[in-house]
Amino acid sequence: MTAPEETVSSPTPGRAVPCGARFRAAVLELAAARGAGVPMLVAAALMLAPKAGADPGLRDPEGEALLEVGETDASDGAIRKALAAALALADPGARILSGEDVRRLEAAVETLGYRNKTLAHALQRLSFQPLDGRITHVRDAAQLFGFVNEWCFDEDQVRRRFRELAPVYHPDTGIVACRERMGQLIDARNLLVRHVRSVYGSGDWMARQGGPSV
C-alpha cells in the first residue's frame, strides 16, 4: 500500500498595486540599486514614510501599470505614498511634502501667476507708446523717461531711471517685453546723457533748470 501523495500548495501570489508606469519603473530601479526585492522595499518604506505624503496616483504621463508588492495589509494608496517617499529620499536634493503642503504651494503659484498677469496689464495701460522712428529730440527723450522737461534732471537721474525702466521693457525678460520700446529707451538715455554733458557747464543749464520747457 502506497502512502498518499502530499498536496503541495503553490505560494500565494503577492498583491499587484495599480500605479503609473513611470512610477513602477522608478521603484524597480530603486529596488535593484538597493539589492532588495520590491516587497522588502515596500515593508521598509511603510515603516519610515510619513503618513501625510502625497499619493502619486494610478497613472502618470507614461500610462498605467501594476506593481507586485508582496503580502501586506496596507492599502494601495498607502503603498504608493510610502514608495513615493522612498523614491524622494533616494534623491539627495529631494524634500518630502505632505499633500497639504503641495496644495498650499500650488495655490501660492496660482496667486502669483494671477498677480503677474494683473501687473503686466497695468503696466501696458500705464506705459508709454513707442513713437514713430528713433528718438532724436531731447524733449521726446525726457518725456519717455517721465521728466517734466529737459532741464530738471542730471546724468545720474537719467541712468537711474533707465535702470528702472529697462527690466520692464527688455524684449527677452521684461514684464511688458517690447523690442521697439527698449530701443527707444536706449536712444533716449544716450540723447539725454549727451544733452546733460553738452549744456550742463553752460549758463543755459543753471538759468533754465526747473523752468518751463521751450
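Read-outs throughout are calculated quantities, based only on the coordinates presented, and are distinct from any laboratory measurement. Just so it is clear, the structure is predicted and the values come from calculations on it, not from any experiment. Reconstructed Cβ throughout: ideal geometry from the backbone, glycine too, with neighbour counts over all protein chains shown.
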Counting other Cβ atoms within 10 Å of each Cβ, which GluC sites (Glu not before Pro) in region 16-67 have at most 13 and sit in a DSSP loop?
-> Glu62
May I ask you to order 77-83, 163-169 by the average number of other C-beta atoms within 10 Å around their residues, highest value first?
-> 77-83, 163-169
So if we plug the beta-carbon distance of Leu119 and Arg159 into 1/(1 + (r/R0)^6) with R0 = 22 Å, what FRET efficiency do we get, rounded to 0.05?
-> 0.35
Relative to the present Cα-Cα distance, how much length would full extension add between Leu28 and Arg194 at 0.36 nm per residue of separation?
-> 53.0 nm
